[in-house]
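Note sheet for the following structure.
None of the figures in this text is laboratory data; all of them are computed from the coordinates on show. Every value quoted in this text rests on a predicted model; they were computed, and no experiment measured them. Neighbour counts run over all protein chains shown; Cβ positions are idealised from the backbone, glycine included.
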């Protein structure tokens, strides 16, 4: 028996959110001069990071193949 795990569309979207959200948070902290807007962007990207992690965990597919063994 052979099993492979793949990401479906939901998992791929979650992986992108998981990777890009901290970069957006860093950019907001570094380059947005207005502290209110910066805080809102940082909170939203923190939520996107957590939501992306959940999508990454739940957005998986498993494909299994079973090879038949003949005994004589």
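Residues in the stretch 1-42 that are closer than 21 Å to residue 53 by Cα, touching a helix residue (DSSP H, G or I) at 6+ places or on another chain (Cβ under 7 Å) and not in a helix (DSSP H, G or I): 7 alone.
Kindly evaluate residue 11 against the criterion of being farther than 30 Å from residue 65 by Cα, surrounded by 14 or more Cβ atoms within 10 Å (Cβ to Cβ) and in contact (Cβ under 8 Å) with a residue 24 or more places away in the chain. No; evaluated as a whole, the condition is false for this residue. Candidates are the residues of the stretch 15-72 that are surrounded by 12 or more Cβ atoms within 10 Å (Cβ to Cβ) and more than 19 Å from the chain's Cα centre (by Cα); the one that is farthest from residue 3 (Cα to Cα) is 32.
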